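Shown next, in structure tokens, is the structure this report addresses.
The values are calculated or read from the model by the stated rules, or taken from the named source; none is laboratory data. Predicted model, so just to flag it, every value in this text is computed and none were measured. Reconstructed Cβ throughout: ideal geometry from the backbone, glycine too, with neighbour counts over all protein chains shown.
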Amino acid sequence: MNFRAGSSGRAVKRPVVVLADDHVLVLEGIRKLLEPHFEVGACVQDGRELLAAAATSRPDVILLDISMPGLNGVEAALQLRKDAPQAKLIFLTMHSDPAFLGAALRAGAHGYVLKRCASAELVNAIRQVIRGKTYITPEVAGDFPRALASGTPLGQLTTREREVLQLVAEGKAGKEIATAMKISPKTVAFHKSNIMSKLNIRTTAGLTQFAVRHGVVAE
């Protein structure tokens, strides 16, 4: 946490918040909303950048979207639970479907705020999770039990397979995926074959449609 002078002249802790969203205008708007209340650290545009930023800035709170390039928010959250366990994770997203809420909660989310509600709710949501509470936008809070019970075919895939699926759906070639994930092209092909088998999907186009439908990549 960073510090500022309080009314008594003593230093007051300001929680550090890191932002991750692939839309620059969203990042700028959220930054302006939060700066009067918190210390805004790094602002990044994909999941892999977020992992790097969390490692260097050790934030108290991380705001992240579900659909982000390179590594989506759910997969990033799973890694952040191990790499930045001190950080509270709040998903700031357009997805109101219970399946997405369930995926976020299973990935370790402490909060879930819809983007259209951010101006009214986000500052309070951050304060709530810092106090150790869970905050879910009231608009979707009624779906909480159904969200936790909801399953997804993505659960059949390993972490590596889900990463490969995302990069395939983003149109990356085998060599590009191998470079991004630091594995061999043969290993990429092996993972892709396993994904198709598990999901009973026969084409790359089919994988892309599946990834869009389940929020792995944005439309």
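List the helices (runs of 4 or more DSSP H) that sit entirely inside segment 18-130 and contain at least 1 residues that are under 25 Å from Ala141 (Cα atoms). If you could, list the steps in order and put the result at the bottom.
Details: elements: 24-34, 47-57, 73-83, 98-106, 118-130.
Because the criterion is at least 1 residues that are under 25 Å from Ala141 (Cα atoms), the helices (runs of 4 or more DSSP H) in segment 18-130 that meet it are 24-34, 73-83, 98-106, 118-130.
Out of Ala169, Ala103, I need the residue that is under 21 Å from Leu80 (Cα atoms) and among the aliphatic types (A, V, I, L, M). Which one? If you could, list the steps in order and put the result at the bottom.
Numbers: Ala169 fails: under 21 Å from Leu80 (Cα atoms).
Of Ala169, Ala103, the one residue that is under 21 Å from Leu80 (Cα atoms) and among the aliphatic types (A, V, I, L, M) is Ala103.
May I ask you to verify whether Leu33 is touching a Phe, Trp or Tyr at 6+ places or on another chain (Cβ under 9 Å), modelled with pLDDT of 95 or more and surrounded by 15 or more Cβ atoms within 10 Å (Cβ to Cβ)?
Working: touching a Phe, Trp or Tyr at 6+ places or on another chain (Cβ under 9 Å): no; modelled with pLDDT of 95 or more: yes; surrounded by 15 or more Cβ atoms within 10 Å (Cβ to Cβ): yes.
No, not satisfied.
Kindly establish whether Asp60 is on the phi < 0 side of the Ramachandran plot, acidic (Asp, Glu) and in contact with a strand residue (DSSP E or B) (Cβ under 6 Å, 6 or more places away or on another chain).
Details: on the phi < 0 side of the Ramachandran plot: yes; acidic (Asp, Glu): yes; in contact with a strand residue (DSSP E or B) (Cβ under 6 Å, 6 or more places away or on another chain): yes.
Yes; evaluated as a whole, the condition is true for this residue.
Taking segment 104-134 as the search range and keeping residues that are among the hydroxyl-bearing types (Ser, Thr, Tyr) and at pLDDT below 95, which one is surrounded by the fewest Cβ atoms within 10 Å (Cβ to Cβ)? Steps first, answer last, please.
If we filter segment 104-134 for residues that are among the hydroxyl-bearing types (Ser, Thr, Tyr), which is where we start, we get 112, 119, 134.
Narrowing further to those that are at pLDDT below 95: 119, 134.
On the way: Ser119: 11, Thr134: 16.
Result: Ser119.
Considering Lys88, Lys82, which residue is crowded, with 23+ Cβ neighbours inside 10 Å and of a type in the set (Lys, Arg)?
When all the criteria are applied, what remains is Lys88.
Could you please find all residues in segment 54-96 being touching a residue at least 40 places away in the same chain (Cβ under 8 Å) and charged (D, E, K, R)?
Scanning segment 54-96 gives Arg58, Asp60, Asp65, Glu75, Lys88.
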